[in-house]
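Nothing in this text is a laboratory measurement; each read-out follows from the coordinates by a stated rule. Since the model is a prediction, treat every value here as computed from it, not as a measurement. Note: ideal-geometry Cβ built from the backbone for every residue, glycine included; neighbour counts use all protein chains shown.
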Amino acid sequence: MNKAMTNHAGSESDAVRKPVASRPSNGAAPAPADRDTIALPRTLLDITPQQAGTQTLLRGLAILEAAAAGVRDLRTFGAALGTTRSTTHRLVSSLVQARYLRQVQGGYLLGPKLIELGTIALEQMPLTTVARPHLAALAEATHDTIHLGVRDGDDVLYIDKIPGTRGLEMRSRVGHRMPLASTGIGKAMMLDLTPEAWQKLFDASRRALAGVSFKPDNRPDLQTFMQRMTNYAGGGFTFDLEENEASIRCVAAPVRDASGAIVAALSVASTIPYMSLERMDELIPVLQREARAISEELGWRTPQPATRRIKR
């Protein structure tokens, strides 16, 4: 979900475009931006003569984008949009009146109306509905079993599944729970946790599966598990190497919401003949692409490289 407006008429057409400060992936508020680091998405600022009637609306949206990027004062809003001070003041005042912005000491912040609308938007966009087309795309591309899961305590709860087309059947089903640390999809939801939390969930998994027979037993010991989790956290993916079900391997990736928090994960799973280690490596970017697309529909924005300031 993403967005200076080249005004086709006169002096305001020379708006300066420079990179917008992006929101950190951990959901923290971005650092205040200035005129040397702000550039708004072209879709909000490039208007053709036929679209001139929408100019005020697009400028209003551009101001909201700038406020989200850290702009706080009228001067910087005007520099980002390429508008005069009087035009900028009129637009900002209207947004304050409509509660899309709020005025505080030191400038302007996003207003409560956006919180209201954001809550409604989330209610209208359940995770399974957003994710389904991406799960279907993965299923078509891989012919393997696709899962979508969320965390429920120490477990992963499967909330959607598309069976593979290779004639294989797995014990997973919608509504089924498994320990987080024993599944690829569960470990994907652990990537942002601390090593201490990894160990606690590893121990919880071992207790939960204490009475389950594994032949052959491919469950890692604690040291191996911790080393793998460190590698997974650095790469943004996880594997299940027959740790949950004999002969079943999977590749998983996390799904994030607008705050940057991991709220779900998806996985591609199959048996060893169809899931060699080489193929698992090849599936990582495929899975990450779909997980990223779901995350963006939930409001997450891909972190952008920091803007390099050039001294004048």
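Structure above, values below:
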| item | result |
| --- | --- |
| Cα point-scatterer Debye curve for the stretch 125-297, base-10 log of I(q)/I(0) at q = 0.09, 0.12 Å⁻¹ | -0.26, -0.47 |
| Residues whose placed amide H lies under 5 Å from that of A265, excluding near-sequence neighbours | G149, V255 |
| Sorted by Cβ density within 10 Å, fewest first, the residues L222, L157 | L222, L157 |
| Residue-wise HN-Hα coupling along the stretch 162-174, computed from phi with Karplus coefficients 6.51, -1.76, 1.60 (Hz; x: Gly, Pro) | 10, x, x, 10, 9, x, 9, 10, 10, 6, 5, 7, 4 |
| For a label point 7 Å along the Cα-to-beta-carbon line of E116, residues of the stretch 85-109 with backbone N under 17 Å | 94-103 |
| Around V104: net Lys/Arg minus Asp/Glu count, Cβ-Cβ under 15 Å | +2 |
| Cβ-defined net charge surrounding T183, 12 Å radius [Lys, Arg +1; Asp, Glu -1] | 0 |
| Within the stretch 125-297: Cβ-based charge dipole about Cα centre, in debye rounded to nearest 20 (Lys, Arg +1; Asp, Glu -1) | 260 |
| For q = 0.15, 0.21, 0.26 Å⁻¹, Debye-computed log10 I/I(0) when each Cα of the stretch 169-233 counts as one equal scatterer | -0.48, -0.92, -1.27 |
| Local electrostatic count at R173 - Lys and Arg +1, Asp and Glu -1, tallied over other residues with Cβ under 12 Å | +1 |
| Backbone N within the stretch 193-207 under 20 Å of label point (7 Å from D152 Cα along the Cβ vector) | 201-202, 204-207 |
| Per-pair calculated FRET efficiency, R0 = 22 Å: L222 and I272 via Cβ, rounded to 0.05 | 0.35 |
| Fewest-first sequence of R171, R90 by Cβ atoms within 10 Å of each Cβ | R171, R90 |
| Column: log10 I(q)/I(0), Debye, Cα scatterers of the stretch 50-198, q = 0.14 Å⁻¹ | -0.81 |
| Length gained when the stretch A210-T56 is fully extended (0.36 nm per residue, less Cα-Cα span) | 49.0 nm |
| Ascending count of other beta-carbon atoms within 10 Å, so fewest first, for K200, K161, K215, K187 | K215, K200, K161, K187 |
